[in-house]
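Here is the structure we will look at, set down as structure tokens.
The values are calculated or read from the model by the stated rules, or taken from the named source; none is laboratory data. In this text, all values refer to a predicted model and were calculated from it rather than measured experimentally. Cβ atoms come from the backbone with ideal geometry, glycine included; neighbour counts cover every protein chain shown.
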Amino acid sequence: MAEEKREMSTNDIEAVKRLNRAYDQIKGELAKVIVGQELVIDQLLISIFSRGHCILEGVPGLAKTLLISTLAETISLSFNRIQFTPDLMPSDITGTEVIQENKTSGERSFKFIKGPIFANVILADEINRTPPKTQAALLEAMQEHQVSAGGTKHVLEEPFFVLATQNPIEQEGTYPLPEAQLDRFMFKIFVDYPSEEEEMEVMRKTTAPQKHELSEVLNAEQIIELQQIVRRVPVSEHVLAYATSLVRATRVRYPDQVPEFIRNSLSWGAGPRAAQNLILGGKARAILNGRFFVATEDVQAVAHPVLRHRLITNFGADAEGITTDTVVDKLLEAMPTNESELSKDGRIPKVFGSEDAKQDRSA
């Protein structure tokens, strides 16, 4: 048994090294087309290898669509773009049943025609432009990786990712995603303007008569294997406590357990799915950087994209221009990362310090 464990560990370490090399190669391929946006690329890859979905928010013209389609090409996955509009119906996404006649026997039967959701990478472009019933059509696919039609379940091909975009301007006539749907997305990623040097490079590349040939770095089977490796990355009790502490410190429902600035800024905090995604994102970030362990720095690195769409600011914070990112900044500054300091935090012993909790984990 000991030899088997050593062999599995060796295989996992080799897989981590392979993923680290693939990570560098993917970034190199993307750099042929995409200028800058390194943080956005990192967060997208972390989400993909964590088996999560993303929302990308940014003004028009920042290459959000190009980035997603190029990424799908470099990892050899099928790609479909769905342009969300006010008249889009759920069946336009998932597919529909049509009556088909057998010309030989004359019998008629229903046949399911697959919609654009049946691809590995789905770009839900301007998802806030379509009514809630169409937005909700994505929920089953995102969570269950399947589509139900006519009483039949149609399984989606793995791997499967929904990468949605939102335009932060011109909010009139849009349909903001409700909190329950936002919580289904692992990350909310902000795509910002490029720097002056990057924008000049964009001008050079996009106005030149040259086409870049992209190489395929990974295929679907390899991605699924690496997603499984991410789940096996060990996490210490200290890092689990830190992630739990961050999430629980946002819950204003328990005023005696949260910092004062949280009580003054938030009307609602993050749920358990936020802690799960902090750990999963930390695992993926660790092995993308060639490490087979998770540090508190990995959790901190994914805290903003995980928490920013799961926190709701109150009226006072909105009036003062305080955003959820500002709240997360203060939270990261206030929360100790040292194990000894973290163990003294009043919120942690209730989760990790009791003997009952230790027995539950050992069981």
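Observations on the structure shown:
- Hey, Tyr175 of a type in the set (Phe, Trp, Tyr), more than 20 Å from the chain's Cα centre (by Cα) and not assigned by TED's automatic domain parsing to the domain that holds Leu30 or not: no
Okay, residues lined up against (1) loosely packed, with under 12 Cβ neighbours inside 10 Å; (2) within 22 Å of Glu73 (Cβ to Cβ):
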site: Lys153; (1), (2): yes, no
site: Leu156; (1), (2): no, yes
site: Phe185; (1), (2): no, no
site: Glu197; (1), (2): yes, no
site: Glu201; (1), (2): no, yes
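- Output for the stretch 96-123, where each listed residue is of a type in the set (Asp, Glu) and part of a loop (DSSP other than H, G, I, E, B): Glu107
- Among the residues of the stretch 208-229, not a single one is in a helix (DSSP H, G or I), buried (at least 21 other Cβ atoms within 10 Å of the Cβ) and modelled with pLDDT of 90 or more.
- Candidates in the stretch 147-169 are the residues that are of a type in the set (A, V, I, L, M) and over 16 Å from the mean Cα position of the chain (by Cα); of these, the one that is nearest to Leu66 (Cα to Cα) is Ile169.
- Close contacts from the stretch 75-97, counting a first residue that is on the phi > 0 side of the Ramachandran plot and a second that is assigned to a helix (DSSP H, G or I), with Cβ to Cβ under 9 Å and a gap of 6+ residues or different chains, come to Ser76/Ala220; Ser76/Gln222; Ser76/Ile223.
- The set of residues in the stretch 188-213 being among the hydrophobic types (A, V, I, L, M, F, W, C), more than 24 Å from the chain's Cα centre (by Cα) and under 29 Å from Ala301 (Cβ atoms) consists of Met200, Val202.
- Where a residue in the stretch 135-163 is touching a residue at least 24 places away in the same chain (Cβ under 8 Å) and its partner, wherever it lies, is among the polar types (S, T, N, Q) and assigned to a loop (DSSP other than H, G, I, E, B), with Cβ under 9 Å and at least six apart: Leu156/Asn120; Glu157/Ser78; Glu157/Asn120; Glu158/Asn120; Pro159/Asn120; Phe160/Asn120; Phe161/Asn120
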